[in-house]
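Since the structure comes first, as structure tokens, the remarks are kept for the end.
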Amino acid sequence: MSALQLHDSKMDSKTELQGSAGKRERNQNIQVYVRVRPMTPGGQVKVIETPGVREVVVRERSVANITKTFTFDKVFNTESTQLDVYDTVVSPLLKEVLLGYNCTVFAYGQTGTGKTYTMEGELNTTNTMLFLGVDGKDAGILPRALGDIFDEIRAMSCDFQVRASYLELYNEELFDLLATVEPNPNQAKKTLRIYEDANRKGSVVIQGLEEVIVQNKQEVYNVLRRGSQHRKTASTVLNHSSSRSHAVFTITVHMKESNGDGEQMVKVGKLHLVDLAGSENIGKSGAVDKRAREAGSINQSLLTLGRVVTSMEIRWFFFLIES
Ligand SMILES: Nc1ncnc2c1ncn2[C@@H]1O[C@H](COP(=O)(O)OP(=O)(O)OP(=O)(O)O)[C@@H](O)[C@H]1O
């Protein structure tokens, strides 16, 4: 089973917000969605049913009449398109980012269940609009969200600056996917250090993470493509699959608005888009040595992530993808 999670955290302390987004109850801070991936050809036994818009029924393979039903905020069945997922799950978050909230989308689940497809979409290397494909239908959440941010912010009458960063976490090491380092087997990616922020309790600082200023959609796509290709190239150099690492793409929007009295208000909103490494049952997968250590590290980090989520007062959305 595979999943995608989204969360929207507390607003930036510098920002004063009004309106419905700021008045949500704590129990609305977490939302869980499931996406069911179409079956791959090859005679699999169908074990998942999606009878309604909120329920998934899982059938035990060996005993077909034994089922378990799970309820989510919404279920996307095998017919769901990339656009359906984006419109329901991510589009509303953009409005909150532009109000000064921090929002995060997590894709979580087993290897091969469609996390990267949902987050990035099918790559089209012959097209400069890499992630959009020929007609755009296969574009994932990332390119859609990044493109829409520019459309929406331009419609607001404010000064703004948009920055992007792209971070990878593999075996407890952090790498900067946008760093301009020369390809080198011993230094495939720029490693980063993480510290607790002495000035803001509970916050962390990632020292040296590059934030690239982006002016328009095309520049964001280029940054996304650069980071994505860097992730693949470097994983080959380091001899691990890119699906064994977590990747965090962050877009930060600084907005400066004037109120009627000539005072200026600064808002900072962030959108984190996280493609988590595939969760795996080490015993069942038969992973040994390096792969078993990797899987152990992945499972440990996913467990820790779960603990962090339950301990924080955050708005959180969760998205499950089933194969
Ligand atoms: N909803 C979908 N519709 C069509 N094809 C899909 C869908 N979801 C996934 N796929 C296809 O299934 C394959 C595996 O998907 P993907 O690489 O996104 O999985 P993943 O969960 O990211 O795996 P890993 O954990 O190994 O990175 C890809 O070829 C992808 O194009």
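General remarks:
- Each residue of segment 139-155 was assigned a 3J(HN,Hα) from its phi angle through the Karplus curve 6.51 cos²θ - 1.76 cosθ + 1.60 (θ = phi - 60°); the sequence is 5, x, 4, 4, x, 5, 5, 5, x, 5, 4, 5, 4, 6, 5, 5, 6 Hz, with glycine and proline shown as x.
- A cut-off of 5 Å between modelled amide H atoms, ignoring neighbours fewer than 5 places along the same chain, links Arg54 with Val75.
- Here's the picture: charge each Lys and Arg Cβ at +1 and each Asp and Glu Cβ at -1 in segment 43-113, and of Phe70, Tyr101, Val85 the one pushed furthest to the positive end of that dipole is Phe70.
- Amide proton proximity set for Val105, modelled H, under 5 Å, gap of 5+: His7, His272, Leu273, Val274
- Cross-linked pairs Lys137/Lys256; Lys68/Lys137; Lys46/Lys217; Lys115/Lys270; Lys217/Lys256; Lys115/Lys201: Cα-Cα separations exceed 29 Å for Lys137/Lys256; Lys68/Lys137; Lys46/Lys217; Lys115/Lys201.
Bear in mind that the values in this text are calculations on the coordinates, not laboratory data. Given the structure is predicted, the values throughout are model-derived calculations rather than measurements. Note: ideal-geometry Cβ built from the backbone for every residue, glycine included; neighbour counts use all protein chains shown.
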